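The values are calculated or read from the model by the stated rules, or taken from the named source; none is laboratory data. Note that the structure is a prediction, hence the values are computed from the model and not measured. Glycine also receives a Cβ, built like all others from the backbone with ideal geometry; neighbour counts cover every protein chain displayed.
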There are 2 protein chains.
Amino acid sequence: MPITLALDAMGGDYGPPVVAPAALALLARHPDLTLILVGQEEVVRAELARRHKGDHPRIVLKHASEVVGMADPPALAVRVKKDSSMRVAINLVKSGEANACVSAGNTGALMAIAHFVLKMLPGIERPAIVTSVPNLNGHVHLLDLGANIDCSPQQLLQFAIMGSILVTATEMKQRPTVGLLNVGTEAIKGNDLIKETSRLLQGSGLNYVGYVEGDAIYTGKIDIIVCNGFVGNVALKASEGLAQMVSHTLREAFNRSLFTRLSGLAARPVLTAFRKKVDHRRYNGASLIGLNGTVIKSHGSADIVAFGYAIEEAISEVMNAVPQHIHKELAPLYERPGL
Amino acid sequence: MPITLALDAMGGDYGPPVVAPAALALLARHPDLTLILVGQEEVVRAELARRHKGDHPRIVLKHASEVVGMADPPALAVRVKKDSSMRVAINLVKSGEANACVSAGNTGALMAIAHFVLKMLPGIERPAIVTSVPNLNGHVHLLDLGANIDCSPQQLLQFAIMGSILVTATEMKQRPTVGLLNVGTEAIKGNDLIKETSRLLQGSGLNYVGYVEGDAIYTGKIDIIVCNGFVGNVALKASEGLAQMVSHTLREAFNRSLFTRLSGLAARPVLTAFRKKVDHRRYNGASLIGLNGTVIKSHGSADIVAFGYAIEEAISEVMNAVPQHIHKELAPLYERPGL
C-alpha cells in the first residue's frame, strides 16, 4: 500500500544531517513509500545532494521558513511560528497530503501543535506519548512518556483505553493486560489520585491487572503500563542512562588487558547480539496517541539508524490504521456504565 | 569503635532465614559489632542454631510478639502493633541501646514508626529515603525513594539540604552538587511545583546545578539528585528490572550453543567482574534521613548478601554520625535569608 510521510527535517539535535540519510535509507527499503521533507529547502537539498545523485523520485521537498527550537515554549511554537517545519509537517497530515508525520523536535511544541491542528479524537482530553519498551517477555507499551506531567484519573483511564486499542490493532492481541504504575502492589499504596484511577480501571471493562512497580516494565508480563508523563519520562530516561552505563562498563571490562581483549574477541558474536537486543535505537519512535492523525516523535538525540526506526513506526501505525481503530472503538467503550 | 545495631529479624520477604545468617556473617567481619536480633525469639533462635553452634557472644535476642505485614497500613503498624519487631527495634535506637536499626519490612510502616518514635530533626518535616546508586562516575545519592509520594517545594529543598550534608559527612566532599529531576533541562520544563522548587534551590546556598533528566542518574556527574518519592521509587525499581533483564539476556546469549558457551567460558572473569559491578545487592541499604537516629531500610526481597550490605550501611552512617551532622548543620542553613 502506498504511504506518504511528512518528515520534520529540521527537528532534533542534528536536523537534516540525520533526517536526510535516514529518509534515503528508508526509501530504499520501502518501494511504496514517498517522503515529504519539510524544512529550509536549500539546507535540506544540500544535505540530500551530498548523499544522492540527482533528485530522488520519491522525495518531495516542502519549504518551511521557521524552526521550532528545543527550548521554545509550546505556546510560542503554536501561536508565533506558523511556518515552522514542525507545523507544516503536521498541516500535511491534516490536509491528507501525508498519512503521518515524524519529528525529532521539541516534544512540548510537537504535542501542542498536533493538538491544535489535528484535534483530539472524541472522548480523549489530551494526547499521550506511548512507546514499546523491550523486556524479558517481548515488550510492553508504556504511556504517558512526558506529554502530560500531571494527569487526572480520567486521563489515565483514557491512556489505558488507547494503549489497549493500540496493542490490539498492531499486535492482533485480544484483551491485552493493563497495569497501573505505583510504588507498591498492595491496595494501600499510592495517593488518592492513584487509588481513584485504579477504581476507574476496575470498572472499565479493560483487562486491568492492578498495580505494578517500576521493575515490571522490564520483568513483567503486562502488555500496557499506565503512568503520568513525569514518571514515564523519568523511568524511560533512567533506563536509557543505565543501558548506556552497562554498555560502557562491558566495553571497558573487555578492554582492560590483553587477556580480556582476547576473551572479548572470542565473545564478540555473543556481545554483538546482546548489544543489538538492548540497543534503544531500535525502539525509537513514540506515538502521540489520541489525535485525529498519526504523529511520531523521535528521540531528539536520534542518529540515522534510530530516526529510521521512528519512520518504520510511522509506517506500521499507518498500515494498522491506529487512529481509525481508536476512533471506532472509543464510542462503545464510552457507552459502558461507570465511565 | 564499638557499635550496637538492632535488626528487625522478622522484616522482608524472608525474615529470620535471611537476617540470621547475614548477622553471623557481619559479626565475623566486624569484631567491634554487637547485634540485637528483634523478633519472635523461638523462631530467631532456631534459625541461628541451624547455622551457629551455641550462643554467639555478640548476638542479643530481644523478643517481640508481633510482626508488621508487608501490606499493613502504616497507621495500624503505629497504633495497634506496639510490640512488633520493627517497633521494638526502633525503640532500642530511641533508648540508646542501639546506635541504629536495620529493617527489610514494610517501608510505609517503618517510616511511620520511625517518625513517631524518633521524631524529626528540627527544620525537617518528614523523613526521606536516600540511597547511593552506582553510576559511570562513581555513584549518586538519590532521594526521595518512596517515603513521600507527594512533596512540597519546601520538602524537596529539605531533601537537597540533607543529601548535601550526608555526602559531605560520609565522603568528605565539600559543596557537593545537587540536581533536580525533571522531564527536561530547559527552564520551561516541569510544572509549577518543580519550578518553585528550583527557585528555592537557587536561593539556598547549596551547590545547585539545575534540572537533570532521568539518564543523569547513571551518566551524570552530580552528587545528589532530588525528586519526590513516587518518581524516585519508580526510577530505582525500573533500573532494578532493567539490570535483571540485562543479566538474564547476557546469560542466555552465552548459553545458546556450544560455541557461545565456550566463548562465555573465555569471557567468564570479565563477565564476573561486570556482574559484580552492576549487582544491585551491593547497593542495598537505604537511609531514612531526617530523623533523630539512624534507620536503614533494606530491600524487602534482599537475600543474605544484600541484607549484609544494609548492615554495612548502618555501620558506616553510625561511624560518620550522620544525624548529628545534619542536626549541627541545619541551624545555620535555616538562618540564611530566603529559606
- prompt: What number of residues within the stretch B:119-129 are touching a helix residue (DSSP H, G or I) at 6+ places or on another chain (Cβ under 6 Å) and of a type in the set (A, V, I, L, M)?
  reply: 3
message: Could you check the stretch B:162-183 and list, in sequence order, the residues that are surrounded by 23 or more Cβ atoms within 10 Å (Cβ to Cβ), of a type in the set (S, T, N, Q) and touching a residue at least 60 places away in the same chain (Cβ under 8 Å)?
response: B:SER164
Selection count where residues are touching a Ser or Thr at 6+ places or on another chain (Cβ under 7 Å) and of a type outside the set (S, T, N, Q), scope the stretch A:4-29: 6
query: Quick check, is A:THR197 within 14 Å of chain B (Cβ to nearest Cβ), under 30 Å from B:ALA75 (Cα atoms) and not in a loop (DSSP other than H, G, I, E, B)?
result: yes
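On the given criteria, is A:VAL234 under 24 Å from B:GLY241 (Cβ atoms), in contact with a Phe, Trp or Tyr (Cβ under 9 Å, 6 or more places away or on another chain) and buried (at least 22 other Cβ atoms within 10 Å of the Cβ)?
no
Tell me yes or no: at least one residue of the stretch A:50-59 is aliphatic (A, V, I, L, M), assigned by TED's automatic domain parsing to the domain that holds A:GLU313 and touching a strand residue (DSSP E or B) at 6+ places or on another chain (Cβ under 9 Å).
Within the stretch A:50-59, one or more residues are aliphatic (A, V, I, L, M), assigned by TED's automatic domain parsing to the domain that holds A:GLU313 and touching a strand residue (DSSP E or B) at 6+ places or on another chain (Cβ under 9 Å).
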- prompt: For B:LYS195, are the conditions met, namely being in contact with a helix residue (DSSP H, G or I) (Cβ under 8 Å, 6 or more places away or on another chain), without any contact (Cβ under 8 Å) to a residue 24 or more places away in the chain and charged (D, E, K, R)?
  reply: no
From B:ILE194, B:ILE217, B:ILE224, residue being modelled with pLDDT of 90 or more, crowded, with 19+ Cβ neighbours inside 10 Å and more than 30 Å from B:GLU313 (Cα to Cα): B:ILE194
- request: Among what's in the stretch B:282-330 and is of a type in the set (D, E, K, R) and within 21 Å of B:MET10 (Cα to Cα), pick the residue that is surrounded by the most Cβ atoms within 10 Å (Cβ to Cβ).
  value: B:LYS297
task: May I ask you to list the residues in the stretch B:222-270 that are in contact (Cβ under 8 Å) with a residue 24 or more places away in the chain and aliphatic (A, V, I, L, M)?
output: B:ILE222, B:ILE224, B:ILE225, B:VAL226, B:VAL231, B:ALA235, B:LEU236, B:ALA243, B:VAL246
message: B:ALA267 - would you say it is crowded, with 20+ Cβ neighbours inside 10 Å and of a type in the set (A, V, I, L, M)?
response: yes
Scope the stretch B:62-93; condition surrounded by fewer than 18 Cβ atoms within 10 Å (Cβ to Cβ) and away from chain A (no Cβ under 14 Å); matching residues: B:HIS63, B:SER65, B:ARG79, B:VAL80, B:LYS82, B:ASP83
- prompt: Could you say which residue among A:THR4, A:THR34, A:THR107 is hydroxyl-bearing (Ser, Thr, Tyr), modelled with pLDDT under 95 and surrounded by 17 or more Cβ atoms within 10 Å (Cβ to Cβ)?
  reply: A:THR107
message: under 19 Å from B:ALA216 (Cα atoms), within 17 Å of the chain's Cα centre (by Cα) and modelled with pLDDT under 95: is that true of B:VAL167 in this structure?
response: yes
query: Taking the stretch A:1-16 only, how many residues are acidic (Asp, Glu) and either closer than 16 Å to A:TYR309 by Cα or not assigned by TED's automatic domain parsing to the domain that holds A:ILE296 (or both)?
result: 1
- request: State yes or no: is A:ALA98 out of contact with any Lys or Arg (no Cβ under 8 Å at 6 or more places or on another chain), surrounded by 21 or more Cβ atoms within 10 Å (Cβ to Cβ), modelled with pLDDT of 90 or more and under 24 Å from A:VAL226 (Cβ atoms)?
  value: no
message: Being farther than 28 Å from B:ASN148 by Cβ, more than 7 Å from every other protein chain (Cβ to nearest Cβ), assigned to a loop (DSSP other than H, G, I, E, B) and of a type in the set (Gly, Ala, Ser) is true for just one of A:GLY205, A:GLY163, A:GLY184. Which residue is that?
response: A:GLY205
message: Going by what's in this entry, would B:MET1 be described as in a loop (DSSP other than H, G, I, E, B) and under 21 Å from the mean Cα position of the chain (by Cα)?
response: no
